[in-house]
Amino acid sequence: MDMRITTLFFFALLLISATKADDPCASQSDGSGVSVIPVYSKCSPFNKPNDDSLANTVLKMASKDPERLKYLASLVAQKVTSAPIASGQQLFNIANYVVRVKLGTPGQVMFMVLDTSYDAAWVPCSECTGCSNTTFSPKTSSTYGSLDCSMPQCSQARGLSCPATGSTPCLFNQSYGGDSSFSGTLVQDSLGLGNDVVPNYAFGCVSSISGGSIPPQGLLGLGRGPLSLLSQSGSLYSGVFSYCLPSLKSYYFSGSLKLGPSGQPKSIRTTPLLRNPHRPSLYYVNLTGVSVGRVLVPIAPELLAFDPNTGSGTIIDSGTVVTRFVQPVYTAIRDEFRKQVTGPFSSLGVFDTCFAASSESVAPPVKLHFTGLDLTLPMENSLIHSSSGPLACLAMAAAPNNVNSVLNIIATLQQQNHRIVFDVTNSLVGIARELCN
């Protein structure tokens, strides 16, 4: 009898192991990183079955880019160094990639939007009015604690309501985007990422939402401000993290977020990470030029130059889908690309340089020149294909006309299948080709 039980036990273990091996969405248990999941993938809890092509999926996601650019443009114009708990812009309708975290003790699983241009974290809490069905329950966590107005985190967060005296809770009530708002309290609890736990993590506990633009399970800020993950984790991650975003073609797979120096690429090309004192959260890099094929595109240096006073320059961002250049820069890149590819050209959504896919074999590569680093974009990062016909499109665009943007933004479509390493301590950004699936 004992032998039969033992045999059945080992058979069950083998079955579980095989099931995990066959399930590409199974969570990684080796502690090497946290899965980064595209919201449109099979592994996403927000996935809705659809028959959209890759091009249509990208166009849907990119339709939110103008609001994202408005938000980023507003940041570079602000003369503040504090981290907002809520913004007056439509930041929170940008939900391209999510990470699985655990909040509280015992840990409650939440899938939070990953955002490198934002600092604070927030989640919908139980009994929240207008929130999704998945909320964080403070009452069931033994490590939950409130933060009153006497705590330093309250002075680090913008948009909070505190009286001149007393120790009342840090309350916030914000409207944004014209049709959405949320309110809540700044609190703290344990944050679990993979095998790590960050104690006393300060985040916004949302109690009320109106409008439909807010990620259903919250947001995790990876910026450089005082309430960001890097700042609150202290020496645990030594100011280093990286991510690898999977291709949107990889419906069944997720990428990874690696936190801390361990496990990062041993040999990787780097470029200096620049700091704007007026908006320290953004990850600025020095883009010095762009080549199309063998031609260095003629671009006036001032259109690429980093200027902390105006906020101009180039940033790497996880919330924008399609790489955007200021209008004169994009026009110069597009015109050179068209010179080297057989027309005629047509438009598809945000993409204005679409051509017969039969000419793709002669399409020139696009190379981004950074200080100390040249990045040649593979064709999957520079071209996108239409399902409406045999068309290929240059997968980048100009900043929208209604956005007074001085920023060039290296977006997620161009970052896919690359390991992007942010070393804030040493002020470096590394980029290396990697299959992220």
Test Leu273 against the criterion of being in contact with a Lys or Arg (Cβ under 8 Å, 6 or more places away or on another chain) and either farther than 22 Å from Arg419 by Cα or not in a loop (DSSP other than H, G, I, E, B) (or both), and give yes or no. no
Only listed residue being outside any loop (DSSP other than H, G, I, E, B), touching a Gly at 6+ places or on another chain (Cβ under 8 Å) and surrounded by 20 or more Cβ atoms within 10 Å (Cβ to Cβ), chosen from Leu227, Leu191, Leu220, Leu186: Leu186
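Restricting to the stretch 232-279, what's the tally of residues that are on the phi > 0 side of the Ramachandran plot and touching a residue at least 40 places away in the same chain (Cβ under 8 Å)?
Filtering the stretch 232-279 down to residues on the phi > 0 side of the Ramachandran plot leaves 234, 238-239, 260, 263.
Narrowing the set further to residues that are touching a residue at least 40 places away in the same chain (Cβ under 8 Å) leaves 238-239, 263.
The number of residues fulfilling the criteria is 3.
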With the requirement that a residue be under 26 Å from Leu219 (Cβ atoms) and not in a loop (DSSP other than H, G, I, E, B), what does the stretch 300-315 give you? Gly313, Thr314, Ile315
Would you point out the residue of the stretch 285-321, among those that are of a type in the set (Val, Ile, Thr) and open to solvent by 40 Å² or more (accessible area, probe 1.4 Å), that is farthest from Asn426 (Cα to Cα)? Val295
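Quick one: is Leu282 of a type outside the set (D, E, K, R), buried (at least 24 other Cβ atoms within 10 Å of the Cβ), touching a residue at least 60 places away in the same chain (Cβ under 8 Å) and outside any loop (DSSP other than H, G, I, E, B)? Reasoning before the result, please.
Numbers: of a type outside the set (D, E, K, R): yes; buried (at least 24 other Cβ atoms within 10 Å of the Cβ): yes; touching a residue at least 60 places away in the same chain (Cβ under 8 Å): yes; outside any loop (DSSP other than H, G, I, E, B): no.
Judged against the criteria, Leu282 is not a match.
I'd like the full set of residues that are open to solvent by 10 Å² or more (accessible area, probe 1.4 Å) and either basic (Lys, Arg) or on the phi < 0 side of the Ramachandran plot (or both), limited to the stretch 417-430. Show your work before the answer.
Filtering the stretch 417-430 down to residues open to solvent by 10 Å² or more (accessible area, probe 1.4 Å) leaves 421, 423-428.
Selection gives Val421, Asp423, Val424, Thr425, Asn426, Leu428.
A quick yes/no check of all residues on (1) under 23 Å from the mean Cα position of the chain (by Cα); (2) among the aliphatic types (A, V, I, L, M); (3) farther than 19 Å from Leu114 by Cβ; (4) modelled with pLDDT under 70:
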{"site": "Cys154", "(1), (2), (3), (4)": "no, no, yes, no"}
{"site": "Cys162", "(1), (2), (3), (4)": "no, no, yes, no"}
{"site": "Gln174", "(1), (2), (3), (4)": "yes, no, yes, yes"}
{"site": "Gly178", "(1), (2), (3), (4)": "no, no, yes, yes"}
{"site": "Leu191", "(1), (2), (3), (4)": "yes, yes, no, no"}
{"site": "Gly212", "(1), (2), (3), (4)": "yes, no, yes, yes"}
{"site": "Pro216", "(1), (2), (3), (4)": "yes, no, no, no"}
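Go through the stretch 194-217 residue by residue and tally those that are assigned to a strand (DSSP E or B), of a type outside the set (A, V, I, L, M, F, W, C) and closer than 15 Å to Pro124 by Cβ. Don't jump to the end; show me each part of the working.
As a first pass, look at the stretch 194-217 and keep what is assigned to a strand (DSSP E or B): 196-210.
Within this subset, residues satisfying the condition of being of a type outside the set (A, V, I, L, M, F, W, C) are 196, 199-201, 204, 207-208, 210.
With the extra rule that they be closer than 15 Å to Pro124 by Cβ, the set shrinks to 204, 207-208, 210.
Total meeting the criteria: 4.
Which one is surrounded by the fewest Cβ atoms within 10 Å (Cβ to Cβ), of the residues in the stretch 337-353 that are within 15 Å of Ala398 (Cα to Cα) and not β-branched (Val, Ile, Thr)?
Of everything passing the filter in the stretch 337-353, Ser347 is surrounded by the fewest Cβ atoms within 10 Å (Cβ to Cβ).
The values are calculated or read from the model by the stated rules, or taken from the named source; none is laboratory data. Bear in mind that the values here come from a model prediction, so they are computed numbers and not experimental data. Cβ: placed from backbone, ideal geometry, glycine included. Neighbour counts: every protein chain shown. For accessibility, only protein heavy atoms count, side chains too; no ligands or nucleic acids. Shrake-Rupley method; radii C 1.70, N 1.55, O 1.52, S 1.80 Å.
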